[in-house]
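For reference, the structure is listed below as structure tokens.
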Amino acid sequence: MRATEPDATGRAVSSWDRVADFIFELGMLRKTPRTGYQFLGSGAENVAEHSFRTAMIGMLLAREAGADVARTVLLCLFHDVHEARVGDFNYVNRLYNTTDAEAALRDALAGTGLEAEGLGLWRELDAAATLEARLAHDADQLDFIANLKEEQDRGNPYAEKWLSHAIPRLRTEVGRAMAQAIVAADHTRWWFAGPDASWWRRGNGRH
């Protein structure tokens, strides 16, 4: 039985209640759009979609770099949790708006049992002093770079310009190597060629 503890109002609640609240709060990330695509003019995703692929990219980078894979993935998973409360600000928004992302994350984690670990991960990521944190930063950018490449392949003339700004933000050699592979690839290659390209000729695959 988990201990009972006070919430922000001083009310005693089961910590499982706070865990349930946090689970629903994480669901808000599915409804929180990434706002930079408003300026790009094409493409769309929500924060949850972005966070999933960022975590997978982080795993790949960490394995290649000989870093702590689990820690890198956790850093990726926590990097945008605060946006369930504050939303996603694009680079123009940030010229005029400020948020306290750490306070938002602290309030989100309160009573869940994740306070120390989650805030520790957030501060590590913010400081970018560890290899794992730098890899997580790169994973964040590489997810964006992959989306930009897809929009470039679809004919958006501005995506190339955005790529020229996104790639220099990468902090690790392994991140730059992955970016080079992403930019050189056609985003349809994985399914269009497939394990057996002859399926295109067979039509529905039964002939």
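The values are calculated or read from the model by the stated rules, or taken from the named source; none is laboratory data. Being a predicted model, the structure only gives us computed values, none of them experimental. Positions of Cβ are generated from backbone atoms using ideal geometry, with glycine treated the same way; all protein chains shown enter the neighbour counts.
Residue by residue, here is whether (1) in contact with a His (Cβ under 8 Å, 6 or more places away or on another chain); (2) in a helix (DSSP H, G or I); (3) at pLDDT 95 or above holds:
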residue	(1), (2), (3)
Asn147	no, yes, yes
Lys161	no, yes, yes
Pro168	no, yes, yes
Arg171	yes, no, yes
Ala177	no, yes, yes
Gln180	no, yes, yes
Trp191	no, yes, no
Pro195	no, no, no
Arg201	no, yes, no
Here the qualifying pairs (Cβ atoms under 7 Å; residues six or more apart or on different chains; first in region 107-118 and under 15 Å from Ala84 (Cα atoms); second buried (at least 16 other Cβ atoms within 10 Å of the Cβ) and acidic (Asp, Glu)) come out as Ala108/Glu25
Positions within region 16-38 being assigned to a helix (DSSP H, G or I), touching a helix residue (DSSP H, G or I) at 6+ places or on another chain (Cβ under 9 Å) and under 19 Å from Tyr158 (Cβ atoms), in sequence order
Tyr37
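Name the single residue, out of those in region 88-101 being surrounded by fewer than 16 Cβ atoms within 10 Å (Cβ to Cβ) and touching a residue at least 24 places away in the same chain (Cβ under 8 Å), that is nearest to the chain's Cα centre (by Cα).
The first filter runs over region 88-101 and keeps only residues surrounded by fewer than 16 Cβ atoms within 10 Å (Cβ to Cβ), leaving 90-100.
If we keep only those that are touching a residue at least 24 places away in the same chain (Cβ under 8 Å) as well, we get 90-93.
Values: Asn90: 14, Tyr91: 16, Val92: 20, Asn93: 19 Å.
So the residue we want is Asn90.
Answer yes or no: is there a residue in region 136-145 that is at pLDDT 95 or above, hydrophobic (A, V, I, L, M, F, W, C) and in contact with a Gly (Cβ under 6 Å, 6 or more places away or on another chain). Walk me through it before giving the result.
Going residue by residue through region 136-145, those that are at pLDDT 95 or above are 136-145.
With hydrophobic (A, V, I, L, M, F, W, C) added as a condition, the list becomes 136, 139, 142, 144-145.
Keeping just the survivors that are in contact with a Gly (Cβ under 6 Å, 6 or more places away or on another chain) gives 136, 139.
Yes: region 136-145 contains one or more residues that are at pLDDT 95 or above, hydrophobic (A, V, I, L, M, F, W, C) and in contact with a Gly (Cβ under 6 Å, 6 or more places away or on another chain).
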I'd like the residue in region 121-144 that is buried (at least 23 other Cβ atoms within 10 Å of the Cβ) and aliphatic (A, V, I, L, M) and, out of all such residues, is farthest from Ile57 (Cα to Cα).
Leu121
Cβ contacts < 9 Å: first residue farther than 24 Å from Asp100 by Cα and among the aliphatic types (A, V, I, L, M), restricted to region 68-82; second residue part of a helix (DSSP H, G or I) and modelled with pLDDT of 95 or more, any location; separation 6+ or different chain. Result?
Val69/Gly58; Val69/Met59; Val69/Ala62; Val69/Arg63; Val69/Glu132; Ala70/Met59; Ala70/Ala62
